[in-house]
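Structure, as structure tokens:
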Amino acid sequence: MNKFSAVKTALFGSVMALAGSGASAAELNIYTTREPGLIQPLLDAFTAKSDVKVNTVFMKDGLAERVASEGASSPADLLMTVDFGKLVDLVEKGLTQPVESKVLSDAVPENLRDAGNNWFALSLRARVLYAAKDLDLAAFNYEDLADPKWKGKVCIRSGQHPYNTALFADYIAHHGVEATEKWLTGVKDNLARKAGGGDRDVAKDILGGICDIGIANSYYVGLMRSGKGGEDQIAWGNAIKVILPTFKDGGTQVNISGAAVAKHAPNKEQAVELLEYLVSDEAQKLYAEANFEYPVKAGAPIDPIIASFGELKVDPVPLTAIAGHRKEASELAEKVGFDN
Ligand SMILES: [Fe+2]
């Protein structure tokens with residue numbers, strides 16, 4: 001048996017195990033791209049409270065393809081993933097169903113859920129500015145990234161990474177395609193090094209004196225400064241200060257982790273019960289603790305490292321509208337040779 005057929009057999013086995021266990025009423029099957037370690041404490045807390053057993057199938061990639069190929073006999077109840085683009089794709093492929101729940105619509109702001117209630121954000125991450133600690137800078141607009149005064153001073157990962165595609169798509173939502181092309185050209189001209197690496201490399205390269213500023217996700221600061229990302233990263237995290245940038249006519253760009261109930265969910269009632277639990281005060285606190293994310297529910301506690309950035313003012317453009325500009329965003333990044 002080669003490596004791939006071994007994996008296939010293992011996956012098939014887990015589906016059969018799920019299908020077999022679906023007969024019992026108080027069970028629920030989750031397909032998730034989130035690392036099991038991150039969500040397991042939440043699921044354990046839910047089971048302790050509800051007596052609903054939660055089975056998880058973790059897959060790094062191919063969640064939509066898997067659910068689509070299983071069709072009406074899919075054992076999946078809840079689909080959990082990171083990046084609103086993936087959730088929008090699930091809806092467009094007809095793999096989800098709407099959920100009418102006052103608990104969910106009260107907890108999740110309108111711009112952070114599907115207009116047809118097919119998916120809901122559960123936690124947030126912001127695309128923030130990392131800046132050299134000694135830099136005299138207190139506020140920042142995303143538009144400023146193209147200011148020639150930052151020439152040779154900006155670090156950022158690939159323009160084709162979904163984190164940046166979402167940011168560029170939000171820029172299009174605010175300013176249109178033409179202005180975004182001009183802006184991306186300006187940002188590209190300001191790069192200190194080739195666009196690439198990961199978000200944490202921005203902090204590492206600020207420490208190394210390669211760049212002064214850069215764009216990266218908020219939770220990595222928690223991972224670096226706490227040492228949870230590794231000993232050497234503590235110095236990276238401490239080399240930067242974090243500013244929550246905003247669009248001149250908007251707020252800070254966020255992405256989400258979220259979930260949708262699968263179209264053919266055998267245990268829809270339990271899936272909705274879990275979704276409602278995940279936006280409870282208790283679960284929102286666990287979310288924030290697990291991965292240094294922002295809770296989606298207003299007023300839920302935030303990790304002190306993340307809270308130290310100041311108050312997050314989420315950009316009001318609906319995530320669904322931003323998702324509609326992803327293709328243009330990716331094409332523009334290609335057109336201006338962002339990664340070259
Ligand atoms: Fe990440």
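The values are calculated or read from the model by the stated rules, or taken from the named source; none is laboratory data. As the structure is a prediction and not an experimental result, all values here were calculated from the model. Note that each Cβ is placed from the backbone with ideal geometry, even for glycine, and that neighbours are counted across all protein chains shown. These accessible areas exclude ligands, DNA and RNA; they are computed on the full protein's heavy atoms, side chains included. Shrake-Rupley method; radii C 1.70, N 1.55, O 1.52, S 1.80 Å.
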query = What number goes with the only condition from (1) away from the ligand (no atom under 16 Å from the Cβ); (2) without any contact (Cβ under 8 Å) to a residue 24 or more places away in the chain; (3) under 20 Å from Gly337 (Cα atoms) that His161 does not pass?
reply = (1)
task = Given the conditions (1) of a type in the set (Gly, Ala, Ser); (2) under 30 Å from Thr81 (Cα atoms); (3) open to solvent by less than 30 Å² (accessible area, probe 1.4 Å), report the number of the one that Ala239 does not fulfil.
result = (2)
query = Taking helices (runs of 4 or more DSSP H) that fall entirely within region 160-249, which contain at least 2 residues that are under 18 Å from the mean Cα position of the chain (by Cα) and either modelled with pLDDT of 95 or more or not basic (Lys, Arg) (or both)?
reply = 162-190, 219-226
remark   = Of the residues in region 27-70, those that are in a loop (DSSP other than H, G, I, E, B) and exposed (fewer than 14 other Cβ atoms within 10 Å of the Cβ) come to Glu35, Asp51, Lys60, Asp61, Gly62
task = Assess whether Val99 counts as being open to solvent by 40 Å² or more (accessible area, probe 1.4 Å), in the same structural domain as Asn267 (by TED's automatic domain parsing) and touching a helix residue (DSSP H, G or I) at 6+ places or on another chain (Cβ under 8 Å).
result = no
request  = Residue by residue through region 199-213, note down the ones that are within 16 Å of the ligand (Cβ to nearest atom) and open to solvent by 20 Å² or more (accessible area, probe 1.4 Å).
outcome  = Arg200, Asp201, Lys204
task = Filter region 242-273 down to the residues that are of a type in the set (Asp, Glu) and touching a helix residue (DSSP H, G or I) at 6+ places or on another chain (Cβ under 8 Å), then identify the one that is most open to solvent (accessible area, probe 1.4 Å).
result = Asp249
ask   = What number of residues within region 59-86 are at negative phi and more than 16 Å from the ligand (Cβ to nearest atom)?
value = 17
key: Residue among Tyr171, Tyr130, Tyr220 that is within 16 Å of the ligand (Cβ to nearest atom), under 22 Å from Tyr294 (Cβ atoms) and open to solvent by 10 Å² or more (accessible area, probe 1.4 Å)   = Tyr220
remark   = Condition set more than 28 Å from Thr185 (Cα to Cα) and more than 17 Å from the chain's Cα centre (by Cα), scope region 305-333, selection most open to solvent (accessible area, probe 1.4 Å): answer is Glu311
